[in-house]
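The values are calculated or read from the model by the stated rules, or taken from the named source; none is laboratory data. A quick note: this is a predicted structure, and the numbers were derived from the prediction, not measured. Note that we place each Cβ from the backbone using ideal geometry, even for glycine, and neighbour counts take in every protein chain shown. In case anyone asks, the SASA skips ligands and DNA or RNA and just uses the protein heavy atoms, side chains included. Shrake-Rupley method; radii C 1.70, N 1.55, O 1.52, S 1.80 Å.
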Amino acid sequence: MNHLPEDMENPLTGSQSSHASLRDIHSINPAQLMARIESYEGREKKGISDVRRTFCLFVTFDLLFVTLLWIIELNVNGGIENTLKREVIHYDYYSSYFDIFLLAVFRFKVLILGYAVCRLRHWWAIALTTAVTSAFLLAKVILSKLFSQGAFGYVLPIISFILAWIETWFLDFKVLPQEAEEENRLLLVQDASERAVLIPAGLSDGQFYSPPESEAGSEEEAEEKQDSEKPLLEL
């Protein structure tokens, strides 16, 4: 079998792909494009996406949950007032849970400021809070005497450590990729709508192709046949 050279195949494939893209763009309904663009623009006007709002709610849950556990610990170990004086006023790194509560406040302030107020689209803020939390908790577990103070010596550090890493996973694998995907969809829809406006409405596939050429000498053969048939008709 005969194969076309590569320099001839490339123009053919290029023209076919351009024809297919034109057909795809022309087949898109402009009303649907405008509806999609308006929906994406409405999301942008909200200022914060749904998945980012869920992340901020989880960060708030982190602070409230750690605060609740710390208040329970204060109430269990001799009353809230006495324990507050011992852990806050007479703070001791080796036996106090107050610094774990402050660590949760630190995560809340940095993450809400970064991803709700400033609307960052980078992972550096969550990387900072997770690194600080992990390093502080590891040092406190190794150096302090929390394990000798009952169940809360295990619960508070472990819960804080797990929540910090869940926040990191949620932002890195859910928030940022989903927002980037929505932004790419918006750009594609806007690009398709601009192309659809530039293409005339009456454009059809037949306009891209020339009519088949007639065979050479067909008109001359027809005239000779008519000339040969004239004497027969006269007879």
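Looking for whichever is over 17 Å from L64 (Cβ atoms), in a helix (DSSP H, G or I) and under 28 Å from the mean Cα position of the chain (by Cα) here; the options are K140, K109, K174. Which one fits?
Answer to the check: K174.
Condition check: under 17 Å from I126 (Cα atoms) and assigned to a helix (DSSP H, G or I). Does I166 satisfy that?
Taking the combined requirement at face value, the residue satisfies it.
Conditions first: (1) among the hydroxyl-bearing types (S, T, Y); (2) over 19 Å from T67 (Cβ atoms); (3) open to solvent by less than 80 Å² (accessible area, probe 1.4 Å); (4) free of Cβ contacts under 8 Å to residues at least 60 places away in the same chain. Y115 passes all but one, so which condition is the exception?
The single condition Y115 does not satisfy is (4).
Do we find a residue being closer than 12 Å to A164 by Cα, touching a helix residue (DSSP H, G or I) at 6+ places or on another chain (Cβ under 7 Å) and among the polar types (S, T, N, Q) anywhere in region 65-73?
No, every residue in region 65-73 fails to be closer than 12 Å to A164 by Cα, touching a helix residue (DSSP H, G or I) at 6+ places or on another chain (Cβ under 7 Å) and among the polar types (S, T, N, Q).
Answer with yes or no whether L57 is without any contact (Cβ under 8 Å) to a residue 12 or more places away in the chain, surrounded by 13 or more Cβ atoms within 10 Å (Cβ to Cβ) and either touching a Pro at 6+ places or on another chain (Cβ under 6 Å) or not small (G, A, S) (or both).
Judged against the criteria, L57 is not a match.
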